[in-house]
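See structure below.
A short reminder: the numbers here are calculations on the coordinates, not readings from a lab. Because the structure is a prediction, the values reported are computed rather than measured. Every residue, glycine among them, receives a Cβ derived from its backbone with ideal geometry; neighbour counts consider all protein chains shown.
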Amino acid sequence: MTDGPPPEFERVLERGAFCSIAAETARGPHLTPLVFTWSDGRVWVTTSRGSVKARAWRTNPRVAGLVRDEARAVTFTGRAVAYDVLDPSTWIRTAARMPEVTAASIRFTAKNARFFAGYAVDARRIPLAWTPPGRVFVEIVVERAALIDDGEVRALWGEWDASHPSAEAFRARRGGTDAFAALPPPVRNGLGGSGQAAIAIAGQRGTVVLPARWAEDGPDLYAAMPRESLALAGASGGAAPVALVVDRASWWRAREMIGAMAQGVGQVFLPDRLRSGGRSAEEKVRRTGADPEGAALVRIRPGRLVWWRGWSSGSVTIG
């Protein structure tokens, strides 16, 4: 076993069903949930060869992720290493790491057997990109991690620089088209207007993915979380690229999964430190279902939406 996060971190990484993975792109963080496994002190995922993440990691291997197990979560950052049977540039490292890659592949298949059963049921409808020939196996070397329990940071592994930024004033936008109005109706209706989410924030030391509560309010989206966990992102007081993902997962059938990612610009507010607009900011926190006491609020102004529903997906740019 390679040195890695402590056992209390590993328990979450072993038990979690999905990993929200963020790659760094020219548009900002690109965040989506993936099935995964934990093996040899690494996170292992698969992605289609032509996906945004696969293309991004060819030039910038930086990666951030979040794994949840009920109230507990582990957020981490690291670097991605791809193993692709159709890419000769990966063959040497594949041969050198063959025992670890084989063991991870076996664990990945065993852990996610229920999804493979779902693929078997829907075999005639699965696109090539979702089948083994169209996938790339990716090893994520974790370089730092934080254990979050019910929104509170319980333990740190690796180097973190916490910060508590905040704008000085908050004012909600009035009117305008709803942020998720451009989503296909089945996707928008399935997601609702608030609930759990994952948010990727581009901080001063790279992207960090955090658990959050979200709500749609007119043209903006809001994410709320305890300020202690937001501090891990190392965000500045100004605007920063962000990606918010809300989804409805299926326990075993990929064709029943729906979700959306909003990429855009985010700004951080600490309601009790604002010179003006504090009560309005607290009201937005309450809309998400989070506790305003000690909360941080991120306002997201989306510039692009990416959605998925089963095997179908699409994107739309928001003016």
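Each peptide among 83-96, 156-169, 209-222, 281-294 gets the average number of other Cβ atoms lying within 10 Å of its residues, and from highest to lowest they stand as 209-222, 281-294, 156-169, 83-96. Of the GluC sites (Glu not before Pro) found in the stretch 1-96, those in coil by DSSP whose Cβ has at most 12 other Cβ atoms within 10 Å are E70.
Counting only DSSP H runs of at least 4 residues, each contributing -39500 (n - 2.57), and dividing by the residue count of the chain, the helix-based mean residue ellipticity at 222 nm comes to -6000 deg cm²/dmol. 7 Å from Cα along Cα→Cβ at both A71 and D40: what's the point-to-point distance in nm? About 3.6 nm, to one decimal. Placing unit charges on the Cβ atoms only, positive for Lys and Arg and negative for Asp and Glu, gives the stretch 227-319 a dipole magnitude near 320 debye about its Cα centre.
If only the Cβ of Lys and Arg carry +1 and only the Cβ of Asp and Glu carry -1, the dipole of the chain around its Cα centre is close to 1060 debye. Sites listed here are chymotrypsin sites (Phe, Trp or Tyr not before Pro) in the stretch 286-316 whose DSSP assignment is loop and whose Cβ has at most 15 other Cβ atoms within 10 Å: W311.
For the chain, what is the relative contact order in percent, using Cα pairs closer than 8 Å and at least 6 residues apart in sequence?
Relative CO of the chain lands at 18 percent.
Of the options [x] 20.9; [y] 24.9; [z] 20.0, only one is Kirkwood radius over Cα pairs in Å as computed from these coordinates, and that is [z]. Among 264-273, 30-39, sorting by the average number of other beta carbon atoms lying within 10 angstrom of each residue, highest first, gives 30-39, 264-273.
Mind putting a number on the dipole of the stretch 12-107 about its Cα centre? Charges go on the C-beta only, +1 for Lys and Arg and -1 for Asp and Glu, and I need it in Debye to the nearest 20.
Using Cβ point charges on Lys, Arg, Asp and Glu, the stretch 12-107 gives about 240 debye.
For the stretch 132-163, the residues whose amide N sits under 18 Å from a probe point set 7 Å from the Cα of D291 along the beta carbon direction are 148-155.
If you add up the charges near T94, with Lys and Arg at +1 and Asp and Glu at -1, over every other residue whose beta carbon is less than 12 angstrom from its beta carbon, what do you get?
Overall, the nearby charge balance is -2.
Working from label points 7 Å from Cα in the Cα-to-Cβ sense, the T59 to E168 distance is 3.8 nm.
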